Amino acid sequence: MQNKFKTIIFTSAILLLPGLQFGQKPTASDIMDRVDKVINGPLDQKITMELKLIDRNGDEKIREIVMYQKGNNKRMTKFLAPADQRGIGFLSLPNGKMYLYLPAFQKVRRIAGHIKNNRFAGTDMTYEDMEAINYNEKWQPELLEDNNDYYILQLKPKENIKTGYGSLKIWVLKDKFFPTRIEYYNKKNKLIKILTREAIEKIDGCWIARKSTMENLKTKHTTVISIKDAKFNSGLSDNIFTKRYLKR
């Protein structure tokens, strides 16, 4: 009975994919297009998160940040706590433009392409990881496996796309089209980081992972992200996604 129920959910999800006829299997591009629509579905979003930074010795540091996003190509992230981190801000805009604000210097600086794979503010995310993303625009997907619960795909950068990664491997839940595991490989095809997402739930019609963990396999450092509050489709102003707001 449980397997029959899963089949019904999966079939319903497949029928929602654009351009598919009944019984037709989705291509890798179809799957990633649906993933993009799920993760960037809200018109806008404001999410407050706690970040727990854990080093190889098990010592922890706590951070609190707020992330604003509009559409699929504008994102602003600002630190709220602790006091010595408050005000640090990151802004990503269309066409790969990224900006960083450090209150100590009171200056906004453009992030050059060659440092986009640097760690962001002591976390295990790079500047590239922090930007708003549309997978089908940046990556060429290949379907590796299609099992009962997941589509497993390999993503390689499209021509002329600058990225710090050689490829990604991504696990997509079939019934939600939500990515729950991403493996990051360097240019030498070595696994360097793993992102896992859990406690997935729907808030105001939008799927979200209450907990995410980014593990750096080289440094043995981990960042655990817990959602404290999430608001969607609240009508965020375009003024938030500006260098002027970044300094506020």
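The values are calculated or read from the model by the stated rules, or taken from the named source; none is laboratory data. Quick caveat, the model's predicted, so the values are computed rather than measured. Cβ atoms come from the backbone with ideal geometry, glycine included; neighbour counts cover every protein chain shown.
Annotations
- Within region 33-58, tally of residues that are farther than 19 Å from residue 212 by Cβ and touching a strand residue (DSSP E or B) at 6+ places or on another chain (Cβ under 9 Å): 4
- Filtered residue count, region 71-84, keeping only those that are at pLDDT below 95 and surrounded by 19 or more Cβ atoms within 10 Å (Cβ to Cβ): 1
- Of the residues making up region 178-199, those that are within 20 Å of residue 40 (Cα to Cα) and under 14 Å from the mean Cα position of the chain (by Cα) are 178, 179, 180, 181, 182, 195, 196, 197, 198.
- Exclusive hit being more than 19 Å from residue 136 (Cβ to Cβ) and either modelled with pLDDT under 95 or not in a strand (DSSP E or B) (or both), set 34, 56, 63: 56
- Filtering 150, 245 for residues that are closer than 21 Å to residue 92 by Cβ and among the hydroxyl-bearing types (Ser, Thr, Tyr) leaves a single hit, 245.
- Residue within region 196-204 that is at pLDDT below 95 and over 25 Å from residue 26 (Cα atoms) present: yes
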